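First up is the structure itself, then whatever we jot down about it.
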Amino acid sequence: MAAEGNGPTTVEYIQHHLTNWTYGKLPAGTYCDGTSVQETTGWTTAHCQEEIEAMGMMSIHVDSMLWSIGLGVVFVLLFRWAASKATSGIPNRFLGTVEMIIEFIDKTVRDGFKHRNPMIAPMALTIFVWIFFMNLMDLLPVDWIPELAVLVSGDPHFYFKIVPTTDPNITLAMGFTVFFLMIGFSIMKKGALGFLKEITLHPFHSGKWYVDIFLVPINFFLESITLLARPISLGLRLFGNLYAGELIFILIATMYSAGLIIGILGGVLQWGWAVFHILVITLQAFVFMVLTIVYMAMAHEVEEEDQFTH
């Protein structure tokens, strides 16, 4: 609870809940307002923003990795168990839910992807459920897991975030994974030369080589921006929506230390925002999945290639 007794101020409370558990290579020096001294350069856990900034790129968000990988394992185990229990009889509630999700995603893939690739439907299922599970962590009370982590570690400054999709490193990594798959499928379906033509002879193409030679750099620049914008927008959209949702939960939680009336109001607001946020976390998983399907369909599209061959 923020700003209660000798506890943290509201700003410190918010900053603590928005900071990742960071492990990295910390250069020798004095950090954390002169209270922490790193005598030699070495790998350690950061205890303040100053140490996180000093680590730079030589660091990893341990909490994001643990929760994202752990929830991925939970997804695999649950659906593997559901597959092993599936029968032709009447399914129980859980199996019925799994079946409904699979049928919904299968229909979405069939509507948006008109090509043959057995990898696309499982990819869409994995993306939707995995992101939904990661987003779902945002509905847990904001203090429960971080306070438990502080208690277990014995360090009052221990950082521990539980929503992986509020970490841009996770969402951008997922976006660029989709990007590399898109490039790979484009080259596989169109050939290296066909893909090269696509990014150098589009959108401007005259059919005359002495004109196209001047258009190629312009086309390559425009197409490169278009290609790179896809994974970046894919990752940042998911990050932005979930980060904003988590921030609202934290801001509402600060009301609990402002007295009984304000605390009750905060509880009502938390409940209302949680109900609305169920739609947000589901919608964001769906949007990421649909855009992935669209990008995979574009990668398999070869009709436009014919206009570049003369």
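For the residues 119, 134, the requirement of being free of Cβ contacts under 8 Å to residues at least 12 places away in the same chain and closer than 19 Å to residue 234 by Cβ singles out 119.
Mind listing whichever residues of the range 258-289 are in contact with a Phe, Trp or Tyr (Cβ under 9 Å, 6 or more places away or on another chain) and buried (at least 16 other Cβ atoms within 10 Å of the Cβ)? Spell out how you get there, then give the answer.
Within the range 258-289, the subset in contact with a Phe, Trp or Tyr (Cβ under 9 Å, 6 or more places away or on another chain) is 262-263, 266-267, 270, 273-274, 277, 281-282, 284-286, 288-289.
Correct list: 266, 270, 273, 274, 277, 281, 284, 285, 286, 288, 289.
To keep it simple, each residue is scored yes or no on (1) touching a residue at least 60 places away in the same chain (Cβ under 8 Å); (2) under 20 Å from residue 175 (Cα atoms); (3) out of contact with any strand residue (DSSP E or B) (no Cβ under 9 Å at 6 or more places or on another chain).
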{"position": "217", "(1), (2), (3)": "no, no, yes"}
{"position": "221", "(1), (2), (3)": "no, no, yes"}
{"position": "251", "(1), (2), (3)": "yes, no, yes"}
{"position": "259", "(1), (2), (3)": "no, no, yes"}
{"position": "284", "(1), (2), (3)": "yes, yes, yes"}
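Could you say whether any residue in the range 24-33 is closer than 29 Å to residue 146 by Cα, touching a residue at least 12 places away in the same chain (Cβ under 8 Å), touching a helix residue (DSSP H, G or I) at 6+ places or on another chain (Cβ under 7 Å) and among the charged types (D, E, K, R)? For the range 24-33, residues closer than 29 Å to residue 146 by Cα, touching a residue at least 12 places away in the same chain (Cβ under 8 Å), touching a helix residue (DSSP H, G or I) at 6+ places or on another chain (Cβ under 7 Å) and among the charged types (D, E, K, R): present. In this structure, does residue 148 turn out to be in contact (Cβ under 8 Å) with a residue 60 or more places away in the chain, in a helix (DSSP H, G or I) and surrounded by fewer than 22 Cβ atoms within 10 Å (Cβ to Cβ)? So residue 148 fails the test. With respect to the stated conditions, residue 185 fails to be of a type outside the set (Ser, Thr, Tyr), in a helix (DSSP H, G or I), buried (at least 17 other Cβ atoms within 10 Å of the Cβ) and without any contact (Cβ under 8 Å) to a residue 24 or more places away in the chain.
Out of all the residues in the range 197-204, is one or more of a type outside the set (Val, Ile, Thr), part of a helix (DSSP H, G or I) and either modelled with pLDDT under 90 or crowded, with 19+ Cβ neighbours inside 10 Å (or both)? Full working, then the answer.
If we filter the range 197-204 for residues that are of a type outside the set (Val, Ile, Thr), which is where we start, we get 197-198, 201-204.
From what's left, part of a helix (DSSP H, G or I): 197-198.
With the extra rule that they be either modelled with pLDDT under 90 or crowded, with 19+ Cβ neighbours inside 10 Å (or both), the set shrinks to 197-198.
Yes, the range 197-204 has at least one match.
Among the residues of the range 114-128, those identified as part of a helix (DSSP H, G or I) and among the hydrophobic types (A, V, I, L, M, F, W, C) are 120, 121, 123, 124, 125, 127, 128. Quick check, is residue 142 of a type in the set (A, V, I, L, M) and either part of a helix (DSSP H, G or I) or in contact with a Gly (Cβ under 9 Å, 6 or more places away or on another chain) (or both)? When the stated conditions are applied, residue 142 does not pass them. Quick one: is residue 114 surrounded by fewer than 12 Cβ atoms within 10 Å (Cβ to Cβ), touching a residue at least 40 places away in the same chain (Cβ under 8 Å) and out of contact with any Ser or Thr (no Cβ under 9 Å at 6 or more places or on another chain)? So residue 114 passes the test.
The values are calculated or read from the model by the stated rules, or taken from the named source; none is laboratory data. Keep in mind that this is a model prediction, so the values were computed, not measured. Don't worry about glycine lacking a Cβ; one is built from the backbone with ideal geometry, like all the others, and counts go over all protein chains shown.
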